[in-house]
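Student: This structure is in structure tokens; I'll ask about it shortly.
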Amino acid sequence: MAEKVVLKKTFGKMNVGKLRELGMIGFIIIIAIFVQMRNPRFLTLENINDLIKNAAILSILAVGMMMVMITRGIDLSIGATLALSGMIASLTVSVNPNMSPIIAIGIGIGVGTLCGAVVGGLVSKGGIYPIIATLGMMSVYRGLTFLASKGKWISAQQMPVSFKAIATSPIFGINTLIFIAIIIYIISYYFINHTRTGRKIYAVGSNPESARVSGINNNRILFMVYTIMGALSGLAGVLWVSKFASAQGDTASGYELTVIAACVLGGVNSAGGSGTISGILIGSLLIGILNNALPLINVSPFWQQAIQGGIILTAVIVNTIVKRRVDKNNLSRRQI
Amino acid sequence: MKKVLITMMALTLSLSTLAGCSTKAPGDPAKTPVAAGKAKYAIIVKNTGNPYNEKEMEGYKKAIAEIGGETILKAPDQPTAEAQIQMIQELIAQKVVSIAIAANDPDALQPALKKAMDAGIKVISLDSAVNAQSRLVHVNQADPNAIGRVEIETIAKMIGGKGEIAILSATSQATNQNSWITVMKKTLEDPKYKDIKLVKVAYGDDLRDKSVSETEALLKTYPNLKGIVAPSTVAVAAAAKVLTDKGLKGKVQLTGLGLPSEMADYITSGVSTAVHLWNPMDVGYLAGYASDALVKGTITGKAGDKFKAGTLGEKTVITVGDGTEIMLGDPFEFNAGNIEQWKTVY
Amino acid sequence: MSMKQRIIIDKRQTTLKSFFFQWEWLLILIFIIMTLVNGALTPFYLNANNLIGATMTFLDKAFIVLPMAFVIILADIDISVASTVALSSVIMAVLYNSGMPMGLAMIVCLLVGTLCGFINGILVVKFKELSSIIITLATMIIFRGIAYIILKDQASGKFPEWFNFLGWGYVGVVPLILIVFIICAVIFTFILTKTAFGRRVYAIGSNPVASRFTGIKVDKIKVIVFTLTGLMAGITALFLTSRMGSTRPNIATGYELDIITMVVLGGISTAGGKGRIYGAIIAVFLIGFLKYGLGLFNVPAQVLLIIIGLLLIIAVMIPNLKLKKIKLRR
């Protein structure tokens, strides 16, 4: 009898997560069909390629944000970190045109990691709440970006061809951006789900007190999470300026909210403790599709924002209602 | 006890400020503008970190230095009207003699600028205009009729006189953008452009990523698109990148208003064989001399006024719409022939 | 009975030392330092007229700081306030320009704000699994989106002359906006410190579960607080629109971050249950005058960003350092 109950419970739990993701996928399919009917050029290889390329950077950032949100935190400074890393990488490349693009990426990641480490230090050692620390550092990094740029933009002709090619050239047949995103996803999937440190992140987020009691060094985990977020933002920064062949002071201003939206759509709960790689992949994809599809079906630009907001709200509410129903079913199935 | 201490707290707060005032205030508050030292001329641009705006400020500074005044440069970090209203108030407190502003919103600055004018400050706008009640005169980079016309002429030549074209603009409320687009639409009504059809006006919001996705959307929604006109420096560079990446050079033509430094790559590669612009330094420079002329009383902003604008020669104020403007000149074409010398200038 | 009487202290003794060791005094200290620095940097700062007039530049968003303090004490957050301001303002302008009398349009503005706040509140209490940041993120996008649908890329304005008086007018030597703000500040302070409602807000913030079990109507209070936030956003919309003389869907962009910065700098912790509204009010003036003073000295906008960011972080770090020192001493 007891075994039956246990089995049913775990089966039920698996159902919730999978159900939600299946629901999102179904939602995406419905939107895709709708858009395709209005503009047959939606489901062409070229468009899908564009779509994924545009969503690649968002998805890379979503991985980092997911880890931060799992620990009950939030990082509002990623837009500014992205801009700063991109700006510094482009500045370096514009004065050293023979620099290998790998080094440029390295510089970007380095700057990003440093920014993330500062935030991580403030949150872990300094004991400052993530929203405050990242709110403050967002201003600081953005100010630094403007100062670094000295009011100028780094434009396409100042970037060596190799640098610009980072975002446009293919590796093994697929676009570099997409390739990098796939690698990041594989690495983070393994890290989050199959390493001890990865599981510790979930522990710290679900219940910081018991995590501490069971010997996990909360501070170290928090520091690591924000540093990883910083490193990913740095990487995204280099990819961004390469993709658009331009580095500006106000690059990615406000982008952090888009990343948070992607995570939220992906089922990451900001109260901590839950979030899956597959979820944020779907979330980023959905946002990418919205950005791509709405102009294609000639939706007036003035309606686009409201529609996107409406879809996000509906998606999260439907998610919640579904989860509640499933939980209720589970509870009623248990035999006492 | 606690209440007493808290009231003490509040009093300390207010007294500390007011005490400072009474001992250090330089004479009577806000009576006559004291011109102790050089007169201060101020310029407010749309936002910081934009090389176009930086050049405008440079030009302005040069002009004011030539006439012997002191320049105050202000640029908000976000292109909002609220930030500019705050800056206007700060400038009034600093008792500047004139304000030149490139506005983020044509109407929202009216009450603030009116306050400035009431305080005796001469207000002009440049680049992006404020409405006629908020200013004495507007310094326009080029006649919007000339800009709109030359854009259509260029794209028509590029696409061989017939086909579909689209416009990729900046933000939907920018005054200058809208006036150029209106002229372009009117120019297209001319019978000699009867084979050219404008299929869409898209907005890239002066954001790189949005301009890119709007360009991609245009290319997909209108597969027969022959030309894109992008009268915004961010939009034209973004569109050029998209066309380069997709290998559409020659199939889809591109022109617009672009910075030579941004477009150099694309002009050399042939993706866009010609773009136009004017020298933003000259715009600022002209604004500087116009401010000075207003302060000295040489002109009052009425149509027909004439003044000398340094190395730019003599300028006349003309009536445009319900206000007056000063024109810089005609837009300048950048093409393969001259891009090398201009790409390092701005 | 020979039991010794034990006196249980129910309130901590307010010694002079413990009084001064408070967050708000830290803020006042920073305020004094800033005043001196600004005064030294530029002669235009220490001018009573200028300073009083300067309050007009930052007080419009200060109205939202008051209820936001409540929201953050509740351990929630509301990032949709700026969009509420935009939507209320846009609807007011459009209605006025279609013939509605201005007074009525202004009331509609407040109603729209209140409604938006109410919607936020209902969503937050009905979907407790979703934290308030997610819900207000979505409503932030939706509300401004609706404003864009209504006005598209146009401006709307041409308000009657007297409307200008709201944002720019003086009553005697004091700006009207300052007077209204002081009145609102007094009301909110009273609610938070002297009423049962205020005590309950603190209670919910400290421990929502326990509060529910002691009979506090958590849901009702949350809805009220969010609705109040919406109402104050409507008031901000009135003053901001008056200062600009016209409105567009993109007004008040970025306000939510400024407002949250002011509340947090005021010593109100985002974990909930802590902080006093005096701190937030002082922080409003601190940041407002700081920006103004540095602006008078024509400090570039990008440097100002860095200064405000660092100020926030340093200010929040100091009590942490102090506490650690005290702990070590034991």
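Student: Between A:GLY120, A:GLY86, A:GLY116, A:GLY108, which is closer than 16 Å to A:GLY230 by Cβ, buried (at least 24 other Cβ atoms within 10 Å of the Cβ) and touching a strand residue (DSSP E or B) at 6+ places or on another chain (Cβ under 9 Å)? Break it down stepwise before answering.
Tutor: Values: A:GLY120 fails: touching a strand residue (DSSP E or B) at 6+ places or on another chain (Cβ under 9 Å); A:GLY116 fails: touching a strand residue (DSSP E or B) at 6+ places or on another chain (Cβ under 9 Å); A:GLY108 fails: touching a strand residue (DSSP E or B) at 6+ places or on another chain (Cβ under 9 Å).
That would be A:GLY86, the only listed residue that is closer than 16 Å to A:GLY230 by Cβ, buried (at least 24 other Cβ atoms within 10 Å of the Cβ) and touching a strand residue (DSSP E or B) at 6+ places or on another chain (Cβ under 9 Å).
Student: Are there any helices (runs of 4 or more DSSP H) wholly within segment C:77-173 with 3 or more residues that are under 25 Å from B:GLN86 (Cα atoms) and touching a strand residue (DSSP E or B) at 6+ places or on another chain (Cβ under 7 Å), and if so which?
Tutor: Numbers: elements: C:81-97, C:102-126, C:132-151, C:164-168.
The qualifying helices (runs of 4 or more DSSP H) are C:81-97.
Student: Also, I was wondering about something else. In the list C:ALA48, C:ALA82, C:ALA69, which residue meets the criterion of being farther than 20 Å from B:ALA108 by Cα, under 16 Å from the mean Cα position of the chain (by Cα) and of a type outside the set (Val, Ile, Thr)?
Tutor: The match here is C:ALA69.
Student: Being more than 14 Å from chain C (Cβ to nearest Cβ) and in contact with an Asp or Glu (Cβ under 7 Å, 6 or more places away or on another chain) narrows it down to one of A:SER332, A:SER278, A:SER284, so name that one. Spell out how you get there, then give the answer.
Tutor: Details: A:SER332 fails: in contact with an Asp or Glu (Cβ under 7 Å, 6 or more places away or on another chain); A:SER284 fails: in contact with an Asp or Glu (Cβ under 7 Å, 6 or more places away or on another chain).
Result of the check over A:SER332, A:SER278, A:SER284: A:SER278.
Student: Let me ask something additional. Could you list all residues from segment A:255-280 that are among the aliphatic types (A, V, I, L, M) and surrounded by fewer than 24 Cβ atoms within 10 Å (Cβ to Cβ)?
Tutor: Residues of segment A:255-280 that are among the aliphatic types (A, V, I, L, M), as a first pass: A:257, A:259-262, A:264-265, A:268, A:271, A:277, A:280.
Once the filter is applied, which keeps residues that are among the aliphatic types (A, V, I, L, M) and surrounded by fewer than 24 Cβ atoms within 10 Å (Cβ to Cβ), segment A:255-280 yields A:LEU257, A:ALA271, A:ILE277.
Student: Restricting to segment C:220-261, name every residue that is in contact with a Lys or Arg (Cβ under 7 Å, 6 or more places away or on another chain) and not aromatic (Phe, Trp, Tyr).
Tutor: C:ILE221, C:THR236, C:PRO249, C:ASP258, C:ILE259
Student: Restricting to segment A:178-216, what's the tally of residues that are in a loop (DSSP other than H, G, I, E, B) and closer than 19 Å to A:GLY275 by Cα?
Tutor: Looking only at that region, the number is 2.
Student: From C:SER83, C:SER88, C:SER98, which residue is more than 11 Å from chain B (Cβ to nearest Cβ) and without any contact (Cβ under 8 Å) to a residue 24 or more places away in the chain?
Tutor: Numbers: C:SER83 fails: without any contact (Cβ under 8 Å) to a residue 24 or more places away in the chain; C:SER88 fails: without any contact (Cβ under 8 Å) to a residue 24 or more places away in the chain.
The match here is C:SER98.
Student: With the requirement that a residue be over 20 Å from A:GLN248 (Cα atoms) and hydroxyl-bearing (Ser, Thr, Tyr), what does segment B:223-255 give you?
Tutor: Once the filter is applied, which keeps residues that are over 20 Å from A:GLN248 (Cα atoms) and hydroxyl-bearing (Ser, Thr, Tyr), segment B:223-255 yields B:THR244, B:THR255.
Student: Which one of C:GLY39, C:GLY53 is under 22 Å from B:GLN84 (Cα atoms) and more than 12 Å from the chain's Cα centre (by Cα)? Steps first, answer last, please.
Tutor: Working: C:GLY39 fails: under 22 Å from B:GLN84 (Cα atoms).
Unique residue meeting the criteria: C:GLY53.
For (1) within 14 Å of another protein chain (Cβ to nearest Cβ); (2) part of a helix (DSSP H, G or I); (3) among the hydrophobic types (A, V, I, L, M, F, W, C); (4) on the phi > 0 side of the Ramachandran plot, each residue gets a yes or a no:
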position: A:ARG20; (1), (2), (3), (4): yes, yes, no, no
position: A:PHE42; (1), (2), (3), (4): yes, no, yes, no
position: A:GLU46; (1), (2), (3), (4): yes, yes, no, no
position: A:VAL68; (1), (2), (3), (4): yes, yes, yes, no
position: A:ASP75; (1), (2), (3), (4): yes, no, no, no
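Student: Run down B:GLY301, B:GLY250 and say which single residue is more than 21 Å from B:GLU58 (Cβ to Cβ), in contact (Cβ under 8 Å) with a residue 24 or more places away in the chain, surrounded by fewer than 23 Cβ atoms within 10 Å (Cβ to Cβ) and not β-branched (Val, Ile, Thr).
Tutor: Exactly one of B:GLY301, B:GLY250 is more than 21 Å from B:GLU58 (Cβ to Cβ), in contact (Cβ under 8 Å) with a residue 24 or more places away in the chain, surrounded by fewer than 23 Cβ atoms within 10 Å (Cβ to Cβ) and not β-branched (Val, Ile, Thr), namely B:GLY301.
Student: Kindly establish whether A:GLY120 is without any contact (Cβ under 8 Å) to a residue 24 or more places away in the chain and small (Gly, Ala, Ser).
Tutor: no
Student: In this structure, does B:GLN84 turn out to be modelled with pLDDT of 90 or more, within 17 Å of the chain's Cα centre (by Cα) and not acidic (Asp, Glu)? It would help to see each step written out before you state the result.
Tutor: Working: modelled with pLDDT of 90 or more: yes; within 17 Å of the chain's Cα centre (by Cα): yes; not acidic (Asp, Glu): yes.
The answer is yes for B:GLN84.
The values are calculated or read from the model by the stated rules, or taken from the named source; none is laboratory data. What you are looking at is a predicted structure, and each value in this text was computed from that prediction instead of being measured. Positions of Cβ are backbone-derived with ideal geometry, glycine not excepted, and every protein chain shown enters the neighbour counts.
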